[in-house]
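Working notes, structure below.
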Amino acid sequence: MAKNKNNFINLNNAREDEQIEVMQKIADQAHCPFCSENLRLYHQQPILKEGQYWLLTKNQWPYAHTKHHLLLIYKTHASKLTDLEDQAGAELFAMIKELEQKLNFEGGGLALRFGDTDFSAGTVNHLHVQLIIPDAMAKDFEPVRVKLGLQWEKRK
Ligand SMILES: [Zn+2]
């Protein structure tokens, strides 16, 4: 298996220096940073809400040009869509609908990466949903892009 990639993380998809540093520590531990027993070791953001299936929190490394970048992390270790309970979908939508109302989102997008991180371009291979609200009214705004898949030359 490639050095920067294990069952739980893929450093090749990390974006920021600090993130790479934290992810390197996690890679050395060979455990999953989004599993509840490890989440508090690395994740500095408050848990905003906890459901039966999902934890709502802020992305520690929000994408540039986002007004809100929230994460809904599945509470048990999962990578594939088939790992998810059917009822988790209903809870997910209930949680994001509540957020839309509470935070008055003008518009945005959801990203749910899954499976092999060379395909998903995920850094953490534990299923999570990103709720992204672009800061589209900012003067220096540039579109927020979500990447899927990793080019061959970056796979290490
Ligand atoms: Zn996990």
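The values are calculated or read from the model by the stated rules, or taken from the named source; none is laboratory data. Everything numeric here is computed off the predicted structure, so don't read it as measured data. Cβ sites come from the backbone with ideal geometry, for glycine too, and all protein chains shown count toward neighbours. All accessible areas refer to the heavy atoms of the entire protein, side chains included, with ligands and DNA or RNA removed. Shrake-Rupley method; radii C 1.70, N 1.55, O 1.52, S 1.80 Å.
Of note:
- Residues in the range 78-90 that are open to solvent by 20 Å² or more (accessible area, probe 1.4 Å), out of contact with any strand residue (DSSP E or B) (no Cβ under 8 Å at 6 or more places or on another chain) and not in a helix (DSSP H, G or I) were compared, and the one that is farthest from the ligand (Cβ to nearest atom) is GLU85.
- Unique match (being under 30 Å from ASP135 (Cβ atoms), in contact with a His (Cβ under 8 Å, 6 or more places away or on another chain) and open to solvent by 20 Å² or more (accessible area, probe 1.4 Å)) among LYS58, LYS75: LYS58
- Looking only at the range 1-38, residues that are surrounded by fewer than 18 Cβ atoms within 10 Å (Cβ to Cβ) and either part of a helix (DSSP H, G or I) or among the acidic types (Asp, Glu) (or both) come to 13 in all.
- Residue satisfying all of: in the range 105-135; within 14 Å of the ligand (Cβ to nearest atom) and in a strand (DSSP E or B); surrounded by the fewest Cβ atoms within 10 Å (Cβ to Cβ) among these: HIS128
- Consider the range 23-47 and keep the residues that are under 17 Å from TRP61 (Cα atoms) and hydrophobic (A, V, I, L, M, F, W, C). The one that is nearest to the ligand (Cβ to nearest atom) is PHE34.
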